[in-house]
Amino acid sequence: MELNLKDRVAVVTGGAAGIGEAIARALAHEGCKLCILDRDENAARRTAESLGNGALSSAVDVSNADLVSNALEKVAENHGRIDVLVNAAGVLSTGFVADLPVTEWQRVSQVNLAGIVYCVKAAIPAMKKQNGGRIINIASVSAERGGGSVGNTLYGATKAGVVALTKGLARELGPDKITVNAIAPAIADTAMTHKLLTDDALKKILARIPIGRLAALSDIADLAVFLASDRANFITGATIPVDGGILTT
């Protein structure tokens, strides 16, 4: 299947590790020119260097609107365009709302929700000028469940906001040939996942997934590449679960 992604310019936030890095590598494999934005400057640089094809990196905390704006302006200046924006930067929050300080909501919502708004606003001028673009947001199945069993209500609320943003932005930007979609993964099979979950908790989660395994990073990255491609021209406003069927249980 021809995806026509060669030499397209893709910006991936949170691209130095986890889901963001997997998506960046998959896009680079298809010939995209990558710019990795991540608050970990050294990790972002190492990832960019490993991608080749002139990949760039920038130390950016997406909760800072000025840093985001400056970084995306530089991408547009250096490459002349921004074809793909992947909003993968995010932070997790666990604990019951009654026990958490207000600052925890401010921290999580600024990264997971406001960060997407800042990045999209900064990318829109370039995408409108070139008459099109792709925006891909990373949501979560927790948006459908109001969090989950481990007490991540605040996280789930921000991801539900991502779903709403995706729909609204798709409606606003469709006339400019900019598509906006979201991917909603379940728990992915990463080193951090295994570090955070006990063996018993992992068994309980797997028992709820009809396919019987956690999401591989490639499961998520492959969908992101498709949504970034010409094959997804008529898909917008969608939130697509990559969850092994967990939402059916």
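The values are calculated or read from the model by the stated rules, or taken from the named source; none is laboratory data. This is a predicted model, so every value here is computed, not measured. Because the Cβ atoms are built from the backbone with ideal geometry, glycine has one as well, and the counts that use them run over all protein chains shown.
Restricting to the stretch 36-79, name every residue that is of a type in the set (V, I, T) and closer than 14 Å to R25 by Cβ. Even if it seems obvious, please write down each step before you answer.
We begin by selecting, within the stretch 36-79, every residue of a type in the set (V, I, T); these are 36, 47, 60, 62, 68, 75.
Correct list: I36, T47.
Output the residue which, of all residues in the stretch 134-146 that are at pLDDT below 95 and not small (G, A, S), is surrounded by the fewest Cβ atoms within 10 Å (Cβ to Cβ).
Ranking the candidates gives R145 first.
Looking at (1) surrounded by fewer than 17 Cβ atoms within 10 Å (Cβ to Cβ); (2) at pLDDT 95 or above; (3) part of a loop (DSSP other than H, G, I, E, B), find the lone condition where R213 falls short.
(2)
Under 6 Å by Cβ, and 6 or more places apart or on different chains, what pairs join a residue from the stretch 23-47 that is within 15 Å of V225 (Cα to Cα) and surrounded by 22 or more Cβ atoms within 10 Å (Cβ to Cβ) with one that is of a type in the set (K, R) and modelled with pLDDT of 95 or more?
C32/R8
Look at the stretch 40-64 and say how many of its residues are assigned to a loop (DSSP other than H, G, I, E, B) and either more than 19 Å from K121 (Cβ to Cβ) or at pLDDT below 95 (or both). Steps first, please.
Going residue by residue through the stretch 40-64, those that are assigned to a loop (DSSP other than H, G, I, E, B) are 40, 52-55, 60-64.
Cutting the leftovers down to either more than 19 Å from K121 (Cβ to Cβ) or at pLDDT below 95 (or both) gives us 40, 52-55.
Total meeting the criteria: 5.
Among the residues of the stretch 147-158, is there at least one that is at pLDDT 95 or above and β-branched (V, I, T)?
yes
Considering only the stretch 163-193, how many residues are among the aliphatic types (A, V, I, L, M), at pLDDT 95 or above, closer than 15 Å to I240 by Cα and crowded, with 22+ Cβ neighbours inside 10 Å?
Of the residues in the stretch 163-193, the ones among the aliphatic types (A, V, I, L, M) are 163-165, 169-170, 173, 178, 180, 182-184, 186-188, 191-192.
Next cut, at pLDDT 95 or above only: 163-165, 169-170, 173, 178, 180, 182-184.
Add one more test, that the residue is closer than 15 Å to I240 by Cα, and what stays is 163-165, 170, 180, 182-184.
Applying the additional criterion that residues be crowded, with 22+ Cβ neighbours inside 10 Å yields 180, 182-184.
Summing the residues that are among the aliphatic types (A, V, I, L, M), at pLDDT 95 or above, closer than 15 Å to I240 by Cα and crowded, with 22+ Cβ neighbours inside 10 Å in the stretch 163-193 gives 4.
For V108, state whether it is more than 19 Å from A182 (Cβ to Cβ) and in contact (Cβ under 8 Å) with a residue 40 or more places away in the chain. Don't jump to the end; show me each part of the working.
Details: more than 19 Å from A182 (Cβ to Cβ): no; in contact (Cβ under 8 Å) with a residue 40 or more places away in the chain: yes.
No; evaluated as a whole, the condition is false for this residue.
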